[in-house]
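Since every read-out is calculated from the coordinates, none of them should be taken as a lab result. Computed from a predicted structure; not experimentally measured. Every residue, glycine as well, gets a Cβ built from its backbone with ideal geometry; the counts of neighbours run over all protein chains shown.
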Amino acid sequence: MAKPVIFVGSRAMIASIAVIADLNGLEIRGILDHHYYGNTDSLNGIPYIGDERWLLDKNNAQAQEWLETCVFFPINWHTGRQSLRGELDLGQLRSERIRILEESGAEVINLIHPDVIGLRDLSNRYSTTTLGKGILLQASTFVGPDNNHIGDYCQIEAGSFIGHDITLGKNVQVAPKCYISNGSHITIGDNSFVGAFASFDFKHDSRVDMNIGSNVTIWTRAVVKRTLVPDNSIYTDTDKILKKIKQ
């Protein structure tokens, strides 16, 4: 019998993720989120049951029981927007929750919608695509079986397309309706965000790899034309590269 799943964090459209858990036969035990626990009882009927930081407390009997009997999935989402000083940085919050899961030794699962296009291809003996852990694949996404790697904690939203020879680093967020493919090998670094409807230029020389750095934000509807987008930068919808402000 499958272990129940605990969601770590909250987000808009949590129902879409709860549906995936349900379709995979998983009972949802509840949500761990210190921002909401004690302030509200539930979200979309899913109860808030505690503080994710409890998982690091060896003396917290409830948390230790969860670690033994449940699986976990980090669900909070961010938009790649650079937070102003004093604002809650949702990207940093997500990274902190991933750190808690890793340091606590929690069993982290993937949540993959059964309507993912080509889902059976990924488990075929000829597939050379690999998946890490903590990955979300929403309905109508496509991840090709040819030489892709989807790193730990990546989230790929509905309708996005991952072609072939694509490497997504750790905790890459891909918004809806993105098209990541152009015939070359494309690498997107850790903690990067790809905005909705973004794509990669098919006029690019497919013999030359495209490298998107870590902590990069690609704007909505951008068409990426550069061979290199450096770490800690923003790629705009007008083919400009802006440097992120240090906080």
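Quick look at the values:
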quantity	calculated
Net charge dipole size for the range 5-104 [Lys, Arg +1 and Asp, Glu -1 on Cβ; Debye, nearest 20]	340
Antiparallel content of DSSP bridges confined to the range 17-145, in %, to 5	20
Cross-link partners of K225 among aspartates and glutamates (Cα-Cα below 18 Å; sequence separation of 8 or more within a chain)	D165, D201, D205, D209, D237, D239
For I6, residues with placed amide H under 5 Å, excluding near neighbours	R29, V71, F72, F73
Furthest towards positive pole of dipole, H185, L43, A139, structure part the chain, Cβ charges	H185
Above-threshold pairs, the threshold being 31 Å between Cα atoms, out of K170/K243; K133/K240; K58/K133; K3/K244	K133/K240; K3/K244
For peptides 64-71, 122-129, 216-223, sequence by mean Cβ density within 10 Å, most packed first	216-223, 64-71, 122-129
Residue exposure sequence - D190, D237 - by fewest surrounding Cβ within 10 Å	D237, D190
Nonlocal amide H pairs with Y48, under 5 Å, H built at 1.01 Å	I31, S42, L43
Percent RCO, i.e. relative contact order, over the chain, from Cα pairs under 8 Å lying at least 6 residues apart	11
Positive dipole terminus of the range 1-149, leading residue within A61, I98, L32 (C-beta point charges)	I98
Backbone HN-Hα couplings from phi across the range 214-225 [Karplus 6.51/-1.76/1.60, Hz, Gly and Pro as x]	7, 6, 9, 10, 9, 5, 3, 6, 5, 10, 6, 10
Charge dipole (debye, nearest 20) of the chain; +1 at Cβ of Lys and Arg, -1 at Cβ of Asp and Glu	740
